[in-house]
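One structure below.
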Amino acid sequence: QVQLVESGGGLVQAGGSLRLSCAASGRTFSRYFMGWFRQAPGKEREFVAAIRWSGGSTYYADSVKGRFTVSRDNAENTVYLQMNSLKPEDTAVYYCAAGPTAIVAATSNYDYWGQGTQVTVSS
């Protein structure tokens, strides 16, 4: 059974940092792209960042470039999203996902999704 389990969300003040984790299990993800998405209340789910598990190529939305960093730990089968200089507009539920192609910004690319973790940034 494939599982993606996010953790690390919480409440932080503007300018602060959080690190999200996504623990992957149930299959080999070495050929997958691992994406981070977020969804704020009343808004559509939007792409945040992604990493190719093999090779480590990274991709970012313009809104987080320079503030967020995506990485992976092969030994732990875990993907991370380091979020710095957080802003109130970063408040959302953050989801981890796994997909087979490089169309990383499209939700339709992803076969597997985690349950999400809440990130709240206070001003």
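The values are calculated or read from the model by the stated rules, or taken from the named source; none is laboratory data. Everything numeric in this text was worked out from a predicted model, so none of it was measured. Neighbour counts run over all protein chains shown; Cβ positions are idealised from the backbone, glycine included. Just the protein is used for accessible areas: all its heavy atoms, side chains included, with ligands, DNA and RNA removed. Shrake-Rupley method; radii C 1.70, N 1.55, O 1.52, S 1.80 Å.
Scanning segment 26-41 for residues that are more than 13 Å from Arg72 (Cα to Cα) and at pLDDT below 95 returns Gly26, Arg27, Thr28, Arg31, Pro41.
Residue-by-condition table, conditions (1) open to solvent by 50 Å² or more (accessible area, probe 1.4 Å); (2) small (Gly, Ala, Ser):
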position: Leu18; (1), (2): no, no
position: Gly35; (1), (2): no, yes
position: Phe47; (1), (2): no, no
position: Tyr59; (1), (2): yes, no
position: Gly66; (1), (2): yes, yes
position: Ala75; (1), (2): yes, yes
position: Leu86; (1), (2): no, no
position: Thr107; (1), (2): yes, no
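If you scan segment 20-33, which residues turn out to be in a strand (DSSP E or B) and either open to solvent by 70 Å² or more (accessible area, probe 1.4 Å) or aliphatic (A, V, I, L, M) (or both)? Result: Leu20, Ala23, Ala24.
Regarding segment 44-51, can at least one residue be identified that is closer than 21 Å to Val121 by Cβ and of a type in the set (Asp, Glu)? Yes: one or more hits. Only a single item in (1) loosely packed, with under 14 Cβ neighbours inside 10 Å; (2) more than 15 Å from Tyr110 (Cβ to Cβ); (3) without any contact (Cβ under 8 Å) to a residue 24 or more places away in the chain is not met by Ser54, and it is number (3).
What are the pairs, 6+ residues apart or on separate chains, where a residue within segment 99-123 that is touching a residue at least 60 places away in the same chain (Cβ under 8 Å) and part of a strand (DSSP E or B) has its Cβ under 7 Å from a residue that is open to solvent by 60 Å² or more (accessible area, probe 1.4 Å) and of a type in the set (A, V, I, L, M, F, W, C)? Every condition considered, the pairs that remain are Thr120/Leu11; Ser122/Leu11.
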